[in-house]
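Notes follow once the structure below has been shown.
Coordinate-derived values only; no laboratory data. Since this is a predicted model, take the numbers as computed values, not measurements. Every residue, glycine among them, receives a Cβ derived from its backbone with ideal geometry; neighbour counts consider all protein chains shown.
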Amino acid sequence: MSQLIFAYFAGMIIAASILVVALKNPVYSALSLLVMFFHVAGLFVTLHAEFLAAVQIIVYAGAILVLYLFVVMILNVKQDDRYHNQWRIAGFVCIPLMMEAMVLLSGGAETRTAGSQTVLGPSAQAIAPDNTFAIGQTLFSTYLFPFEVASLVLLVAMIGAIVIAKREIGEPDDPSPMGQTKAVE
Amino acid sequence: MVTEFGLRLAISLTQIGAVMCIVVITVLILTLAERKVLGWMQDRMGPMEVGPYGILQPFADAIKLFFKEDIVPAGANKFIFTMAPILCLIPTFIGFAVIPWGPNWTFEINGIVVKPFVISDINIGILYILAFASLAAYGIILGGWASNSKYSLLGGLRSAAQVISYELNVGLSIVGVLILAGSLSLVKITDAQTGWFWNWHIFALPAPQIFAFVVYVISVVAETNRVPFDLPEAESELVAGFFTEYSGLRFAFFFLAEYANMVLVSCVASALFLGGWNAPYPGTLMELVGLSSWSWIESTMWFAVKTYSLLFLFFWLRATLPRLRYDQLMRFGWKVLLPIALANIVVTAIAVFIYQRI
């Protein structure tokens, strides 16, 4: 039964991901991405990682993908062919990825499963029912340093985004004396 | 095995059916109540024609919407145009699955433990509601886009920006309550507020969540696209916003989704901040009288009273406040509500930490 559910989720993830890059209408692509996020969340639920599933939907489906749709609609790209003449680049990226996947599936499989068992640590296994608690515990003890580094990187990215956005809007119609003198000249 | 599964399914379906009925009836009441309350606040009578004092008005509206012609505008994307109202409606109704309507009782039928007042007590309850609430934006954006109309598109885009901005505030304002209760399950959060009304999280020591409650209420008004934050459907500039091109049953779906969403956020607010089904005094009056098996009626009534008070607040705001301008809306969300919500998290965390040490 669980094999069947996994097969369904995995199959849908693959099908939806192919549709994301294969469909011509960008809105349809975004919608298939939504379907894919949902099935990834479903996989998390089957692994008893409900917290991850909920966060997956809140962050990716609820926020990021809405912004994608936002951009697609503002640009109003109906059926843009520019993005579909990239078969050579796609092939170039795909072949190494396929080879990596093959290596992982054949040779590295045993070490990977052994490693993934202990990702949450033995203490987390004991309190498995409360997944949220386990994630919080490991994130703020074992992986505290990477977590803080990641938040710092995100902060830098946020500041960068604000700086870039501010320059673009501020310069053409600058209400400061500088802008006025330019207009006079 | 099969019979056990069947029995579980039957129990769940009964609960789902009951909750759906309650929600739809509440929405019917709300449509009339809104017009009546607005009428009284503006010194009018409200609807009076259909039935005594107009109480059959919701049914007249439903029948009218049901029999109206269903128009799909030329050039519209028919698939998404059809799907958008459903996408709007389903996430809202799914959210009701984790709301505790009454006391946390359990009883057994053939060895199956049943919780009669909550469909599913999952341990990430509130995150589940937030996850599905964030999906309701899709219905609005896609509906606006698929209509192939400028007004609809602008309404949809506005709503996307607005819902994302204010969802953040909803999520952050809840965090304080989660720190106090130490759980994400709505059943456990409500159980943590038993006793006198000063145990409710809005007043609870060591960190009263009164600011968080205010931020939550303002943010959900924005998230449900209600006045004064109804920019996605601002009729003076966008005709009717994202549902300009919708008619008949599809329009009714959007309408139903908006009102069901109002009911959902009010239920969540009363469960998180106002003690849920707990009375303002310890225990229930029914238990004092000796009818403890009937005390659930009192509990569910308290839940209804709290939820309806919050719904009344929605109408009251609508009658009182003019619509905000778009830049005011964004500035208010990001520069006023967000800092308050973040400060509330910091203060609550420090207060709880010190309280545990003492």
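Within a Cβ distance under 11 Å of B:Thr82, other residues only, what is the Lys/Arg minus Asp/Glu net charge?
Around B:Thr82, the charge tally is +1.
Any idea what the dipole of region B:130-247 comes to, in debye rounded to 20, about its Cα centre with Lys/Arg Cβ at +1 and Asp/Glu Cβ at -1? Before the final figure, lay out each step's value.
Details: 4 positive and 8 negative charges, 49 e Å.
The calculated dipole for region B:130-247 is roughly 240 debye.
Given the convex hull over the Cα atoms of region B:180-338, what projected area results after averaging over all orientations, in nm²?
11.8
Near B:Val170, within a Cβ-to-Cβ distance under 15 Å, what is the net charge of the other residues, with Lys and Arg +1 and Asp and Glu -1? List each step's numbers first, then the result.
On the way: positive: B:Arg226; negative: B:Glu167, B:Glu223.
Every neighbour counted, the sum reads -1.
What list of ³J(HN,Hα) couplings, whole Hz, do you get for region B:127-137 from phi and the Karplus terms 6.51, -1.76, 1.60, once you set θ to phi - 60° and write x for glycine and proline?
With coefficients 6.51, -1.76 and 1.60, one gets 5, 4, 5, 4, 4, 7, 5, 5, 7, 4, 4 Hz.
What does the charge count near B:Ser183 come to, summing +1 for each Lys or Arg and -1 for each Asp or Glu among other residues with Cβ under 15 Å from its Cβ?
Around B:Ser183, the charge tally is -3.
Starting from the Cα coordinates of region B:273-358, work out the convex hull volume and express it per residue in Å³.
Dividing the Cα hull volume of region B:273-358 by its residues yields 140 Å³.
Given Cα positions, please report Rg to Rh for the protein assembly as shown, the hydrodynamic radius being the Kirkwood one.
Using only Cα positions, Rg/Rh for the protein assembly as shown is 0.98.
Using alpha carbon coordinates only, what is the Rg to Rh ratio of region B:1-75, with Rh defined as the Kirkwood radius?
1.24
For labels at A:Tyr8 and A:Ser141 in the simple 7 Å Cα→Cβ model, what's the distance in nm?
Once both label points are built, they end up 3.7 nm from each other.
Among B:Ile164, B:Trp198, B:Val19, which residue has its Cα furthest toward the positive end of the charge dipole of region B:2-357, with +1 on Lys/Arg Cβ and -1 on Asp/Glu Cβ?
Going by the charge dipole, the pick is B:Ile164.
In whole Å, largest first, what are the principal axis extents of the Cα atoms in region B:2-357?
Its Cα atoms span 61, 50, 49 Å along the three principal axes.
Express the relative contact order of chain B as a whole percentage, based on alpha carbon pairs under 8 Å and six or more residues apart in sequence.
Details: 547 pairs, mean separation 79.0, N = 358.
In percent, rounded to a whole number, it is 22.
Would you be so kind as to identify which of B:Pro282, B:Leu28, B:Leu338 lies farthest towards the positive end of the dipole of chain B, taking Lys and Arg as +1 and Asp and Glu as -1 on Cβ and the Cα centre as origin?
With unit charges placed on the Cβ atoms, the residue in question is B:Leu338.
Work out how much length B:Arg8 to B:Met20 would gain on full extension: take 0.36 nm times their residue separation and subtract the Cα-Cα distance, in nm to one decimal.
2.5 nm
Going down the list B:Lys64/B:Lys188; B:Lys36/B:Lys68; B:Lys36/B:Lys64; B:Lys36/B:Lys335; B:Lys36/B:Lys78; B:Lys36/B:Lys306, which pairs span over 31 Å between their C-alpha atoms?
B:Lys64/B:Lys188; B:Lys36/B:Lys335; B:Lys36/B:Lys78
Can you give the convex hull volume per residue for the Cα atoms of region B:12-160, as a whole number of Å³?
It comes to 189 Å³ per residue, whole-number rounded.
Quick one: which residues, 5 or more positions from B:Gly283 or on another chain, have an amide H under 5 Å from its amide H? H modelled 1.01 Å from N in the peptide plane, none for Pro or chain starts.
Residues meeting the amide H criterion: B:Gly195.
Tell me, Kirkwood radius of region B:243-320 from alpha-carbon pair distances, in Å?
Numbers: mean 1/r = 0.0686 Å⁻¹.
So the Kirkwood estimate lands at 14.6 Å.
Send over the semi-axes of region A:1-81's equivalent ellipsoid, whole angstrom and largest first, taken as the square roots of 5 times the C-alpha gyration tensor eigenvalues.
Those come to 27, 16, 5 Å.
What FRET efficiency, computed as 1/(1 + (r/R0)^6) with R0 = 35 Å and r the Cβ-Cβ distance, is obtained for B:Ala319 and A:Met158, rounded to the nearest 0.05?
For B:Ala319 and A:Met158, the calculated efficiency is 0.35.
Give the long-range amide H neighbours of B:Ala240: residues separated by 5 or more places, or on another chain, with amide H under 5 Å away, using H modelled in the peptide plane at 1.01 Å from N.
none
Hey, can you grab everything whose amide H is under 5 Å from the amide H of B:Arg226? Only 5+ residues off in sequence or another chain; H modelled, so Pro and N-termini drop out.
none
Given the options B:Ile86, B:Leu184, B:Trp145, identify the residue whose Cα lies farthest towards the positive end of the charge dipole of chain B (+1 on Cβ of Lys, Arg; -1 on Cβ of Asp, Glu).
Of B:Ile86, B:Leu184, B:Trp145, it is B:Trp145.
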